[in-house]
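The values are calculated or read from the model by the stated rules, or taken from the named source; none is laboratory data. The shown structure was predicted, so the numbers you read here are calculated from the model rather than taken from an experiment. So basically every Cβ, Gly included, is an ideal-geometry build from the backbone, and we count neighbours across all protein chains shown.
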2 protein chains.
Amino acid sequence: MRANILVGQSGGPTAAINATLAGVYKAASERKDINIVYGMRYGIKGFIDSKYIDLSSYIKNDFDIELLKRTPSSFLGSCRYRLKDFNTDDSDYKIIFNKLNELNIKYVLYIGGNDSMDTIKKLSNYAELIQSDIRFIGVPKTIDNDLVMTDHTPGYGSAAKYISSTMKEIIRDSKVYDIKSATVVEIMGRNAGWLTAAAALAEDDDCSGTDMIYLPEKVFDTDKFLARANELISSRHNIVIAVSEGIKTADNKYVCDGLSGAGQADCFGHTMLCGTALALSDKITSELGVKSRGIVLSTLQRCASHIASLTDINESFCAGMKAVDFAAEGKTGVMVIFSRISNSPYHITISTENINLIANAEKTVPNDWINDDGTIDNIQVSQYISPLITGELAPYMVNGIVRHLVIEK
Amino acid sequence: MRANILVGQSGGPTAAINATLAGVYKAASERKDINIVYGMRYGIKGFIDSKYIDLSSYIKNDFDIELLKRTPSSFLGSCRYRLKDFNTDDSDYKIIFNKLNELNIKYVLYIGGNDSMDTIKKLSNYAELIQSDIRFIGVPKTIDNDLVMTDHTPGYGSAAKYISSTMKEIIRDSKVYDIKSATVVEIMGRNAGWLTAAAALAEDDDCSGTDMIYLPEKVFDTDKFLARANELISSRHNIVIAVSEGIKTADNKYVCDGLSGAGQADCFGHTMLCGTALALSDKITSELGVKSRGIVLSTLQRCASHIASLTDINESFCAGMKAVDFAAEGKTGVMVIFSRISNSPYHITISTENINLIANAEKTVPNDWINDDGTIDNIQVSQYISPLITGELAPYMVNGIVRHLVIEK
């Protein structure tokens, strides 16, 4: 009897998570040993609440696959839901496994970031405990690029491409007047500066680049920041600065602490950050007397499918396809990983790693990529990021506007 | 003897102002009666300070022309400088006309918005006064679309395209979780809501559209806003709202008044606005108890050449070419205008109108496009905007990042 497969999406939206879903669907629907491809609505939480669909009703042909690759956010919907430790409360697990058995599901693929890998870890460990043969595979997805054991994560390349191209456009914009000015751009990244590091790639034959870049991996020194800004403004007039939302001063406080809207916690206990760029921009104006503007890239950096990286989308798609193969081969309790075999020419392999080594760990930018003054080493960063942002996937445009594949409007 | 031509760019950056410059250069360099094409650095203020270049040193071939079309901001640099009334102080005028005569310049083209047209108006009126035969032509450019006597302005279509596509991506992103949420997006527009109106175009077969849109043309009622948001959130869960930065309450105060960073005035006396989206987002959270996020499109909406409208770029280029012809034909004291002959198929003609009727006037969104509750009539707005955002001009990408033509890095 042919088995069914269940796929879910979890955590924050990206421009690439649907390419992975497209890869899963493509591979699963072509396999003779797989029957129905179910999709969880709103992640594992939605599945617990009996929200799931038969994906063949929504992805009908290869054109839909291509459209899905160009659709940002999470086609199936997402959740931020932490399963309890099954040793203390296994009620969710009983519901999940009952449903999986009812639906004859043998493979569960979960596309997500750090928190989502915790879900796969717990479900695969529980399956082992109850001797279920259902297989659980994690497929990485996060713009944050902070998962361990993989060279990089699907979604990161597209966000990095958006950031580097947008920084170039912002830098061009900032040079328009012959007066001194500063622009501070706030980029996502609570503990890991991978996204902010992409601002380094704006430097090129046609662009002086981002003048100052600050990652959360190093303590932020406001006085040194202002001194450096002052020095640069006196020679270059217009400076552009990129900062991670998560930069903290020596007293372990976020730079944005105390500002309106900051400090709310989500259900994983992560503090919502906002206002870092505005706080620093205000400081530049008040301390240096220079016109300054704060720009927050906000969700635009994770949903800008119209400028996705072809490399990222292709890799995300392949990660989804390979995940199906790995599950069918009998793997469980693993996450799909990328290994960079060569940088020039760029070449990666796709394999798997034990989920217990991955869940809840966090990969930050290496210390030796960051200079003593907190700025970054452009060369090392560029070598790492450049291949990941290569190539474009032209969006499908209808009447001048991007077109997406959706379950409901 | 062949005459020379001088072209300048003024006011805020756009994605299309360099396409107009490219058109001016192309037409001027092909005319037998024109010799050198000079460019003012940093507008009329830079010219007064003897900052100008010979454009042939920087635009060497048709490839450079194409690259210039894809470069945002202002290639020549810009200024915000108001010439004094020459009846009270003609010192600037004397400097300018001396330099024009020295350089054998017979034609001056100035690409800009409202304030820039004031410059052309004064210079052409002064030329008449002193019986100079130097001709002055304004070429419109503003994302704000607020110039009178022209159907629309170069730069508006590209900004509107960015806004409508970005709104679609934001709406998709906002629907990812199965929890109630609101997103408030702040769009440029001090007195005119043309840019914010473009958020209406997100509604399509694949998108429920922007749920609430507020323009500065109507008084903003915070209570009604919250009541409407509350009503929509109860049925749709996730709502996305677009607001102009310039919306004001009945007491004539900006919604963002009192927030950090707001209230600084530029040299034209325009108040700098920021914080409208954050203020309203905070209100939704505090009054309705709903998770909310504020997003400010900031300068991204005016510099995103990577998603420029082909129609806008082509029209901007033609406006530049035609401006040269109009000057050569003997016109002066006029601005190039677009007249929409037909909407479907879309067809415009390019002609000129008396600058005295245009400078310092402001065109806002017609009252009958705005409903009594302050929201807008999607159908009328879409019919007007849709042709202006049609078509894409693929950016030139190098190593995955946009490439620009620049005078200096």
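Observations
- In the stretch A:264-292, the residue that is nearest to A:G189 (Cα to Cα) out of those that are touching a helix residue (DSSP H, G or I) at 6+ places or on another chain (Cβ under 6 Å) and either at pLDDT below 55 or charged (D, E, K, R) (or both) is A:F268.
- Scan the stretch B:353-370 for residues that are assigned to a strand (DSSP E or B) and closer than 20 Å to B:D144 by Cα and the total you get is 2.
- Any hit, the stretch A:119-128, residues being at pLDDT 95 or above, part of a loop (DSSP other than H, G, I, E, B) and either outside the structural domain of A:S10 (by TED's automatic domain parsing) or surrounded by fewer than 22 Cβ atoms within 10 Å (Cβ to Cβ) (or both): no
Residues checked against (1) of a type in the set (G, A, S); (2) farther than 28 Å from A:V243 by Cβ:
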| residue | (1), (2) |
| --- | --- |
| A:M321 | no, yes |
| A:A327 | yes, yes |
| A:S351 | yes, yes |
| A:N360 | no, no |
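- Checking B:E353, B:E392 one by one, the residue that is surrounded by 15 or more Cβ atoms within 10 Å (Cβ to Cβ), touching a helix residue (DSSP H, G or I) at 6+ places or on another chain (Cβ under 8 Å), among the acidic types (D, E) and at pLDDT 95 or above is B:E392 and no other.
- Residues of the stretch B:212-229 classified as within 27 Å of the chain's Cα centre (by Cα) and surrounded by fewer than 22 Cβ atoms within 10 Å (Cβ to Cβ), total: 3
- Count - residues of the stretch A:353-376 that are free of Cβ contacts under 8 Å to residues at least 60 places away in the same chain and touching a strand residue (DSSP E or B) at 6+ places or on another chain (Cβ under 7 Å): 1
- Of the residues making up the stretch A:375-382, at least one is surrounded by fewer than 22 Cβ atoms within 10 Å (Cβ to Cβ), in a loop (DSSP other than H, G, I, E, B) and outside the structural domain of A:T20 (by TED's automatic domain parsing).
- Scan of the stretch A:1-35 for residues that are among the charged types (D, E, K, R) and in contact (Cβ under 8 Å) with a residue 24 or more places away in the chain, ordered by number: A:R2, A:K26, A:R31, A:K32, A:D33
- Residue under evaluation B:R31, criteria (1) basic (K, R); (2) surrounded by fewer than 20 Cβ atoms within 10 Å (Cβ to Cβ); (3) within 25 Å of the chain's Cα centre (by Cα), criterion not met: (3)
- Of all residues making up the stretch B:180-222, the number that are part of a loop (DSSP other than H, G, I, E, B) and within 9 Å of chain A (Cβ to nearest Cβ): 5
- Within the stretch A:306-348, the residues that satisfy the criterion of being under 20 Å from A:A16 (Cβ atoms), surrounded by fewer than 19 Cβ atoms within 10 Å (Cβ to Cβ) and polar (S, T, N, Q) are A:N314, A:S339.
- Every pair of residues 6+ apart whose Cβ atoms lie under 8 Å, when the first sits in the stretch B:62-73 and is under 12 Å from B:V402 (Cβ atoms) and aliphatic (A, V, I, L, M) while the second is modelled with pLDDT under 95 and in a helix (DSSP H, G or I): none
Conditions tested, residue by residue: (1) closer than 30 Å to A:H152 by Cβ; (2) modelled with pLDDT of 95 or more; (3) within 13 Å of another protein chain (Cβ to nearest Cβ).
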position: A:S235; (1), (2), (3): no, no, no
position: A:V243; (1), (2), (3): yes, yes, no
position: A:N252; (1), (2), (3): yes, no, no
position: A:A262; (1), (2), (3): yes, no, yes
position: A:H306; (1), (2), (3): yes, yes, yes
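Results for (1) within 14 Å of chain A (Cβ to nearest Cβ); (2) in contact with a Phe, Trp or Tyr (Cβ under 7 Å, 6 or more places away or on another chain); (3) of a type in the set (F, W, Y), shown as yes or no for each residue.
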site	(1), (2), (3)
B:G12	yes, no, no
B:A16	yes, no, no
B:V37	no, yes, no
B:K51	yes, yes, no
B:S56	no, no, no
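- In the stretch A:323-352, the residues that are within 19 Å of A:T153 (Cβ to Cβ) and without any contact (Cβ under 8 Å) to a residue 60 or more places away in the chain: A:I341, A:N343, A:Y346, A:H347, A:T349, A:I350, A:S351
- When the criteria are applied in full, A:I111 meets the requirement of being aliphatic (A, V, I, L, M) and either out of contact with any Phe, Trp or Tyr (no Cβ under 8 Å at 6 or more places or on another chain) or within 13 Å of another protein chain (Cβ to nearest Cβ) (or both).
- Only one entry in B:M149, B:M167 is touching a residue at least 40 places away in the same chain (Cβ under 8 Å) and not assigned by TED's automatic domain parsing to the domain that holds B:D115, namely B:M167.
- Residues of the stretch A:355-409 satisfying the condition of being of a type in the set (A, V, I, L, M, F, W, C), over 20 Å from the mean Cα position of the chain (by Cα) and farther than 28 Å from B:E169 by Cα: A:W369, A:I370, A:I376, A:I379
- Residues being more than 9 Å from chain A (Cβ to nearest Cβ) and in a loop (DSSP other than H, G, I, E, B) - total across the stretch B:139-178: 15
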